[in-house]
Amino acid sequence: LTLCWFFYLAIGHHIPIYTQCLILVISNKESAAQQKGLLIFGVVLSVLLQETFRFAYYKLLKKANEGLLTLSQEETMPISIRQLAYVSGLGFGFMSGAFSVVNILADSAGPGTVGIHGDSQHYFLSSAFMTMAIILLHMFWGVVFFDACEKQRWWAVGAVVISHLLVSCLTFQNPEYVASLVPTYVILFLMGVWAFYSAGGSLKNLKLCLTCKDKDLLLANHRPR
Amino acid sequence: MAVFLHHQNQQEANRSPDSTQKPQETGVPRVRSRGGSAAGAGAGTGGGGDSGGGGGGNGTSPEQNGQPPAAPAPRVVEREEEEDEELTLKYGAKHVIMLFVPVTLCMVVVVATIKSVSFYTQNDGQRLIYTPFPEDTDTVGQRALNSILNATIMITVIIVMTLVLVMLYKYRCYKVIQGWLFLSSLLLLFFFSYIYLKEVFKTYNLAMDYVTLAIIIWNFGVVGMMCIHWKGPLRLQQAYLIMISALMALVFIKYLPEWTAWLILAVISVYDLLAVLCPKGPLRILVETAQERNEPIFPALIYSCKMDNILVMSHSPTRRLLFKPNWYLFSAPLASPVPSSPSQDDGGFTQSWVSQQEHRLGPLQSTDETRREIQQMPSARPPVEEDDEERGVKLGLGDFIFYSMLVGKASATASGDWNTTLACFVAILIGLCLTLLLLAIFKKALPALPISIFFGLVFYFATDNLVRPFMDKLALHQFYI
């Protein structure tokens with residue numbers, strides 16, 4: 001079931017990209033500087049669209065889950081909202097990362113020289129790190145977002161959106177990788193900790209989990225009906 | 001193609017006379033998506049049965065032929081209905097996943113081959129005999145016209161084939177049909193895999209002598225024939241079915257020109273949709289004939305992911321689509337092989353084969369009769385043990401072929417390369433999910449092919465034209481969204 005949702009969500013992530021590209025294509029015939037400006041505008045719009053879709057997914061999944069629950073008449077939900085948050089984030093991250101990096105990967109297998117025209121030599125490496133950060137970030141954002149929606153904490157939702165925008169804007173400085181990668185990883189770490197706590201983790205849990213002592217805690221995510 | 005969700009025990013219990021049952025509902029939670037109509041393409045989804053706890057039957061008496069009536073019919077039916085619904089929803093997702101794996105594998109094989117072996121993307125100037133109009137013309141208009149004509153010819157051929165199949169079935173030429181199927185899978189397993197292996201060796205510059213090659217192909221083919229037509233380990237059979245679907249999709253990708261291929265995909269989806277949802281069609285005649293005679297319809301070549309052992313259906317070879325390329329390849333440059341059925345023009349082979357396919361593909365709508373018939377074990381087949389909670393999902397191979405063909409074409413011809421391929425892949429899987437979901441919701445016969453192909457096509461063209469420039473620019477500057 002998890003995998004199933006995962007795929008749905010993965011595809012859903014495409015949608016904002018498509019709408020984004022549609023908008024861009026329409027406004028296409030500008031000069032070079034305007035192109036870059038347009039691209040930046042496109043990126044911002046795309047980020048906002050993604051977050052909107054994340055919210056839409058939250059609503060959709062919640063409804064579907066409830067529907068499933070009433071239909072199956074079971075005690076517990078077949079899949080908890082936290083699992084859904086994780087899967088949703090993972091789906092988003094997977095598709096986002098795949099779209100960003102798969103062409104680069106394919107090219108990296110072929111003949112060529114990195115940065116032969118004077119661009120950075122570390123193109124592939126930085127792309128790889130950035131993609132990893134983005135995927136993990138999407139996962140964390142998903143968890144935090146869903147949790148915030150559940151608890152009606154709208155400031156947290158806003159924080160997620162703003163951090164997404166921030167990360168995307170950081171990539172605008174990209175040939176200077178220090179300026180973009182380091183803050184991104186800092187944000188990644190912070191979001192990770194936040195997601196961990198909002199998913200119900202704590203230092204105690206962590207210790208118990210790592211020493212494999214308490215199995216019941218791991219099942220705590222399943223809410224009784 | 002066909003997607004079957006079996007629920008064996010339900011079937012038995014639901015056999016009881018049930019005049020209140022609607023034809024579409026089946027006691028048997030059988031989700032059946034059938035590919036293509038008589039034309040032999042496409043998949044129809046026989047939805048009915050998911051929560052059809054209610055008796056399997058239409059309530060007409062022929063329904064119960066051969067099936068022992070269950071004793072307390074209505075109550076059993078109701079209870080089973082609820083159970084079915086729950087179970088369907090619970091297990092539906094599991095079955096969806098079980099279908100994801102083989103479909104993904106098939107696509108992966110096709111894409112990997114397309115990307116590495118250049119043979120399948122080369123334009124040798126060879127065409128199938130049924131797409132005679134070339135596409136390298138001077139003007140765009142001419143090209144469009146040619147591709148439309150090609151697609152029309154192909155669809156007409158498919159329709160004719162199906163009609164022939166129905167005729168053959170009506171006049172009880174079972175041996176002919178079976179022989180056809182046997183010969184076609186023979187061709188597929190030996191000839192096409194030989195070509196495939198040859199091209200792979202060429203690509204990787206491996207030397208191999210003919211003797212070793214002959215031994216390899218011989219073993220591969222014979223084991224394949226045994227697995228598909230007779231008995232074999234489930235995994236091996238699944239692997240063979242995936243391999244032959246991939247081979248067929250590769251043949252399609254190679255020999256169909258670009259615009260023709262997209263048009264054919266679109267037309268076949270539409271045709272499938274029409275054929276399944278409209279009340280008339282050769283396949284319906286087929287079903288009704290089979291019903292009258294109370295015979296099991298030969299199951300088509302179907303991929304089965306049985307949870308337990310058993311059953312059925314996976315024994316019949318090939319889909320009509322599998323047959324088609326054989327036909328083309330035969331008719332075009334080669335002489336036709338020894339025809340198993342005498343009176344056909346081009347090697348008879350294909351037509352009855354195709355009709356057999358059609359015939360085997362069975363009804364587009366899975367009524368209770370058809371379900372029952374198919375679930376019945378013909379005496380000729382080895383006995384099947386049925387467990388109590390036996391569930392299995394079966395998907396027709398034509399679906400595999402068309403899905404893989406779409407993804408393969410996308411990876412072969414798109415300039416956006418991997419993004420497009422990935423997008424089409426995900427689109428098809430989503431289509432498959434949605435189809436099964438719709439099936440569970442509507443409990444009606446629905447075609448499986450159209451939704452996936454539609455999504456696939458939409459995503460292909462959207463990605464190639466809209467997303468690619470954007471993503472390219474983003475990647476150039478290393479912007480991340």
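The values are calculated or read from the model by the stated rules, or taken from the named source; none is laboratory data. Just so we're clear, the structure is a prediction, and the values are computed from it rather than from any experiment. Methodologically, a virtual Cβ is constructed for each residue, glycine included, from the backbone with ideal geometry; neighbour enumeration extends over all protein chains shown. Protein only, heavy atoms only, side chains kept; ligands, DNA and RNA dropped before computing areas. Shrake-Rupley method; radii C 1.70, N 1.55, O 1.52, S 1.80 Å.
What to note about this one:
- Applying the Karplus relation 6.51 cos²θ - 1.76 cosθ + 1.60 with θ = phi - 60° to region B:248-260 yields 3J(HN,Hα) values of 5, 4, 5, 4, 4, 4, 6, 9, 9, x, 4, 5, 4 Hz, where x marks Gly and Pro.
- Cα gyration tensor shape of region A:86-225, rounded if a/c is under 1.5, else prolate or oblate by comparing a/b with b/c: prolate
- With a 1.4 Å probe rolled over the protein heavy atoms of all chains, the accessible area of A:Leu190, B:Leu474 falls in the order A:Leu190, B:Leu474, largest first.
- Under the simplified labelling scheme, the B:Ala214-A:Ser80 pair shows an inter-label distance of 6.5 nm, with each label point 7 Å from Cα along Cα→Cβ.
- For B:Gly396, the residues whose amide H sits under 5 Å from its own are B:Ala2, B:Val3, B:Tyr303, ignoring neighbours fewer than 5 places away on the same chain, with H placed 1.01 Å from N.
- Shape of region B:142-219, Cα gyration tensor, a/c cut at 1.5: oblate
- Point-to-point label distance, A:Lys207-A:Glu150, nm (Cα→Cβ direction, 7 Å offset): 2.5
- Pairs exceeding 26 Å between alpha-carbon atoms, taken from A:Lys63/A:Lys204; B:Lys115/B:Lys473; B:Lys198/B:Lys409: A:Lys63/A:Lys204.
- Relative packing of peptides A:128-141, B:163-176 - highest average C-beta neighbours within 10 Å first: A:128-141, B:163-176
- Residue order for A:Lys207, A:Lys36 - accessible surface, 1.4 angstrom probe, largest first: A:Lys207, A:Lys36
- Once the chain from B:Ile129 to B:Val222 is taken as fully extended at 0.36 nm per residue, the excess over their C-alpha distance is 30.6 nm.
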